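K.L.:
Encoded as structure tokens, here's the structure I'll be asking about.
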Amino acid sequence: MNRIFRDATGPCLAPGGSVVCVGAFDGVHLGHRALLARARALADQRGLQAIAVSFEPVPREFFARGKPVPRLTGAREKLALLLDTGVDSLLSLRFNAALAAMSAEAFVDDLLIARVGMRALCVGGDFHFGHARRGNVAMLEQLAPQRGFALEVMPDIGVDGTRVSSSAIRAQLAAGDFAAANAALGRAFSIGGHVVRGQQLGRKLGYPTANIRLGRRTSPVTGIFAVQVHGVHAQAMSAVASLGIRPTVNGTEPLLEAHLFDFDGDLYGRRLEVEFVAKLREEEKFADLDAMVRQIDLDARQARAILAGNDRIREAAPI
């Protein structure tokens, strides 16, 4: 059974010992999953627990001091993805000033060994930790024999000649290259949430939308998209979506709005997952609502064409 913990202090989570992997794990991409799978395999070989140590907020958010930081996954989604990898426990640390000030040695001694019961550690070659990121693989290679834990440094994972990393995937998404981003993620990029009530403007304009607030999460993508919406029926539904602040109506809060084709129903409160297939254009401010509707007509036709072609590709793919 998976267990989730938040505190850096407390009783040892694995008195019998554990194999640990540490990271922000934004996206839980193929590189992360290889690391987590190796920790799981080592734990099974040695009769130990597999424990993932992560952070919320992620360190980049803490050091940004309130400035928007794009993320591939929100806290809830990252948690679910990490637990799906088969770890026995997840220590999701509250990244705060105290943790940021913790020395690299204390991070190993007080947190990984005393709190998590680490007997073995799996990390990537660019792993840094502790105050001012002073800790690195070279330090771990010195500490491992002194502290009595095994260290395994995982090689980079590449897709089509490109190293898989969260920053690279964020850049691919921002550029609208969903094929490359999805290949590195090992799944389709999506944003999920519960449908909330909006201003009902879309319905008045002939384009009712399912609206999802992003909350504290900053999306790596903005603009107008062809999407597939999961959670309405057993099969995904084609849609055209907007993700942005809606400048034509003087919006300020980022909002994900999806118009589901050939659907008329009440989705309020339903949790939906919006899968991004293709970017159509950037968000823009129109002179009036009529001009905006004319562009939405074009967007909807383009999205239908793209998604119809996407469905044909899926149907033709070998099983």
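K.L.:
Charges only on Cβ, +1 for Lys and Arg, -1 for Asp and Glu: so what's the dipole of segment 50-209 about the Cα centre, in debye to the nearest 20? Could the numbers behind the result be given before it?
P.N.:
Numbers: 18 positive and 14 negative charges, 185 e Å.
Here the size comes out at about 880 debye.
K.L.:
Here is a further query. Let me see the P(r) profile for the chain: every Cα-Cα distance counted, bins of 10 Å, each bin given as a percent of all pairs.
P.N.:
5, 24, 29, 20, 14, 6, 1, 0
K.L.:
Give, rounded to the nearest 20 debye, the magnitude of the charge dipole that the chain has about its Cα centre when Lys and Arg contribute +1 at Cβ and Asp and Glu contribute -1 at Cβ.
P.N.:
Values: 38 positive and 33 negative charges, 101 e Å.
My answer is approximately 480 debye.
K.L.:
Run through segment 160-214 and list the trypsin sites (Lys or Arg not before Pro) located in a DSSP loop whose Cβ has at most 12 other Cβ atoms within 10 Å. Before the final figure, lay out each step's value.
P.N.:
On the way: sites: Arg163, Arg170, Arg187, Arg197, Arg203, Lys204, Arg213; in loops: Arg187, Arg197.
Sites meeting the loop and neighbour criteria: Arg197.
K.L.:
Convert 10 °C to kelvin, take the viscosity as 1.306 mPa s, use the Kirkwood radius over C-alpha pairs of segment 3-162 as Rh, and evaluate the Stokes-Einstein diffusion coefficient in µm²/s, rounded to a whole number.
P.N.:
100
K.L.:
I would also like to ask the following. Please report the relative contact order for the chain, taking Cα pairs under 8 Å with a sequence separation of at least 6, and give it as a percent rounded to a whole number. Provide the component values of the computation, followed by the final result.
P.N.:
Working: 573 pairs, mean separation 50.6, N = 319.
Relative contact order for the chain comes out at 16 percent.
K.L.:
Could you work out Rg/(2.2 N^0.38 Å) for segment 228-315, with Rg from alpha carbons only? Can you show the working numbers first?
P.N.:
Details: Rg = 13.8 Å, N = 88, 2.2 N^0.38 = 12.1 Å.
Dividing the Cα Rg of segment 228-315 by 2.2 N^0.38 Å gives 1.15.
K.L.:
Another question, if that's okay. Would you compute, from DSSP H runs of 4+ residues alone, the mean residue ellipticity of the chain at 222 nm, taking -39500 (n - 2.57) per run and dividing by the full residue count, rounded to the nearest 500? Spell out each step's value before the answer.
P.N.:
Values: 9 runs with 98 residues, N = 319.
The helix-only estimate for the chain comes to -9500 deg cm²/dmol at 222 nm.
Where a number appears in this text, it was derived from the coordinates with a stated rule and is not lab data. Here the structure is a predicted model, which is why all the values come from computation and not from measurement. Positions of Cβ are generated from backbone atoms using ideal geometry, with glycine treated the same way; all protein chains shown enter the neighbour counts.
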